[in-house]
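The values are calculated or read from the model by the stated rules, or taken from the named source; none is laboratory data. Note that the structure is predicted; figures quoted are calculated from it, not measured. Using ideal geometry, Cβ is built from the backbone for each residue, glycine included, and neighbour counts are taken over all protein chains shown.
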Amino acid sequence: MKTSITIEEANGLLKKYLHQEYLLEHSRETEVIMRALARHFGENEEIWGISGLLHDLDLEQTMNNLEKHGERACGILEEEGYSIPEMFHAIRAHAENLGFLGVKRESKMDYCLAATESVTGLIVAYVLMRPNKKIEGANASSLTKKFKDKSFAAKVSRELINDIEKVGLQRNVFFEMALDAMKGIASEMGY
């Protein structure tokens, strides 16, 4: 079993197991924010980024059976020859709010992954409601206003986003970091 994974290998797995454009985009967005958080906290940027990239690797398989979400992603990675405990725990724990796996968020990476994958939905919804549908010019204070409106992007977990504060990062700083990271891939994403 391999105890590490390269970004090239991770992208290959992503293309093998995910085909829906929105899932590929969400995975990429989660990756870049996780990389920014890793840099901020002085953590391993590669493992954090790849964990973000692959966290929903199983979603097309588990869409109608979310009880297996996270667990199946780790199963796929094991079947592909990988054993990366830190990444596997974060992937399982990001689905803690679903309540099926019993894997609790414990590490900084666990909390960051759950908050990050949730904030991407809020940011994309915010960008889509902007007149020009572009992320350029988007700012944390406007995003905070949308965040406080519970009817806006109602399916996005505010609780998971707020949990970023459990790792010592204020939500508004997190919003700035997430927006900056996503602005860095705006041309790739088309926003």
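Report the residue count in segment 1-46 for those that are within 22 Å of residue 180 (Cβ to Cβ), among the β-branched types (Val, Ile, Thr) and touching a residue at least 60 places away in the same chain (Cβ under 8 Å).
3
Would you point out the residue of segment 62-121, among those that are more than 18 Å from the chain's Cα centre (by Cα) and of a type in the set (Phe, Trp, Tyr), that is surrounded by the most Cβ atoms within 10 Å (Cβ to Cβ)?
Residue satisfying both the conditions and the ranking: 82.
Residues are listed down the side, and each one gets a yes or a no for (1) closer than 20 Å to residue 42 by Cβ; (2) touching a helix residue (DSSP H, G or I) at 6+ places or on another chain (Cβ under 8 Å); (3) outside any loop (DSSP other than H, G, I, E, B); (4) of a type outside the set (A, V, I, L, M):
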| position | (1), (2), (3), (4) |
| --- | --- |
| 156 | no, yes, no, no |
| 161 | no, yes, yes, no |
| 172 | no, yes, yes, yes |
| 188 | no, yes, yes, yes |
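Within segment 141-191, which residues are closer than 16 Å to residue 118 by Cβ, small (Gly, Ala, Ser) and either exposed (fewer than 14 other Cβ atoms within 10 Å of the Cβ) or free of Cβ contacts under 8 Å to residues at least 60 places away in the same chain (or both)?
Residues satisfying the conditions are 153, 154.
Please tell me if residue 17 is over 23 Å from residue 187 (Cβ atoms) and either at pLDDT 95 or above or surrounded by 17 or more Cβ atoms within 10 Å (Cβ to Cβ) (or both).
yes
State all residues of segment 88-128 that are hydroxyl-bearing (Ser, Thr, Tyr) and in a helix (DSSP H, G or I); if no residue qualifies, say none.
111, 116, 118, 120, 126
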